[in-house]
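Trainee: Quick one: the structure is below, questions incoming.
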Amino acid sequence: MKLHITLLFIALLFLTAGCQEATPVCPPVSQTPEYLTTPPGQLPTPTPVSELHSVVIGRRELRVDKVVAGPLCNDRWSGTVYVTCDVQVYPWVEQPTFLKDCLLNIEPQTVVYVAYHNNTAYYNGCSCHTGVTPEP
């Protein structure tokens, strides 16, 4: 009987350990975030990158076409894109629509991994940040 109780207790420990929140990919912000203040048309255009990059997501290494850091405007994304923790966006008030006037073009079939969203993959662009409903 004691063996059954011990095994049940061990099983419960394993189950509850799997239910804990994942450690965030990006560290918590310790100071005022650095928001963009320059109008989108005056931001530098990122230089195109032709080589593949490797990023580690979880325990898996992933090859991506582009790694994005710094200002998040005046760009065109295609293939597989990884947005780092060091990205800069425009401030927002209620809804996070910081891409609304950002001049960011995301090609169809592009997969975007976002570090601030715990490396979640997005397959339909970033419409929640533009305020525009995506076309089916």
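Trainee: Since residue 43 meets every condition but one in (1) more than 21 Å from residue 119 (Cα to Cα); (2) modelled with pLDDT of 80 or more, which condition does it not meet?
Mentor: (2)
Trainee: Please tell me if residue 23 is at pLDDT 65 or above, surrounded by 16 or more Cβ atoms within 10 Å (Cβ to Cβ) and not in a strand (DSSP E or B).
Mentor: no
Trainee: Keeping to region 65-111, report how many residues are farther than 21 Å from residue 27 by Cβ and not in a loop (DSSP other than H, G, I, E, B).
Mentor: Counting residues in region 65-111 that are farther than 21 Å from residue 27 by Cβ and not in a loop (DSSP other than H, G, I, E, B) gives 10.
Trainee: Okay, moving on. I'd like the full set of residues that are within 19 Å of residue 65 (Cβ to Cβ) and at pLDDT below 80, limited to region 87-136.
Mentor: Residues satisfying the conditions are 124, 125, 126.
Trainee: State all residues of region 70-86 that are of a type outside the set (S, T, N, Q) and either crowded, with 18+ Cβ neighbours inside 10 Å or within 12 Å of residue 105 (Cα to Cα) (or both); if no residue qualifies, say none.
Mentor: 71, 72, 73, 75, 76, 77, 81, 82, 83
The values are calculated or read from the model by the stated rules, or taken from the named source; none is laboratory data. All figures in this text were calculated on a predicted structure; none of them were measured in a lab. Every residue, glycine among them, receives a Cβ derived from its backbone with ideal geometry; neighbour counts consider all protein chains shown.
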